[in-house]
1. Evaluate the following for residue 107: is it within 10 Å of the chain's Cα centre (by Cα), under 21 Å from residue 1 (Cα atoms) and either surrounded by fewer than 14 Cβ atoms within 10 Å (Cβ to Cβ) or modelled with pLDDT of 95 or more (or both)?
2. So, in the range 70-83, how many residues would count as being within 21 Å of residue 22 (Cβ to Cβ) and either free of Cβ contacts under 8 Å to residues at least 12 places away in the same chain or part of a loop (DSSP other than H, G, I, E, B) (or both)?
3. Give all pairs with beta carbons closer than 8 Å in which a residue from the range 1-27 that is surrounded by 12 or more Cβ atoms within 10 Å (Cβ to Cβ) meets a residue that is of a type in the set (Val, Ile, Thr) and part of a loop (DSSP other than H, G, I, E, B); count only pairs at least 6 apart in sequence or on separate chains.
4. So which residues in the range 62-77 are of a type in the set (A, V, I, L, M, F, W, C) and under 12 Å from the mean Cα position of the chain (by Cα), if there are any at all?
Amino acid sequence: MTREEFIDELDGWYDYEIVGDKIVIVGIGDVDLRLLKTLPQYVEFMNKGSVDLRSLKSIPPGVKFNNGGDGDVFLGLIQEVWFNDWPGNIKGIEPKVLLNGMIKKGVFER
């Protein structure tokens, strides 16, 4: 998916800002992008709720989850559960810190 296509998906539904090379999703509430199969590089989720990406097949470099509150991340085709409930989480490490580290290492690239 290109940056332009992703921005078209967001327009009218979710607030976002362009910060350098990044598309940063901001605002109050959940982000439901369950039908997207791909994301462009350098997307950051900073909304104040959960992020649903249940159809996503891979996560490209530069994607980051900093969604706030008790906001969780659902990556259905990648792991089939909300990330906070993933059995691979490590006690004492915030699940989104682990998720972002795995993305940075390329674990979810295909």
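The values are calculated or read from the model by the stated rules, or taken from the named source; none is laboratory data. Only a predicted model underlies this, so the values are computations on that prediction, with no experimental measurement involved. As a convention, Cβ positions derive from the backbone with ideal geometry for all residues, glycine included, and neighbour counts pool all protein chains shown.
1. No.
2. 2
3. 1/38
4. Those that are of a type in the set (A, V, I, L, M, F, W, C) and under 12 Å from the mean Cα position of the chain (by Cα): 63, 65, 73, 74, 75.
Matching residues to (1) outside any loop (DSSP other than H, G, I, E, B); (2) closer than 16 Å to residue 59 by Cα:
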site	(1), (2)
1	no, yes
6	yes, yes
9	yes, no
17	yes, no
23	yes, yes
29	no, no
35	no, yes
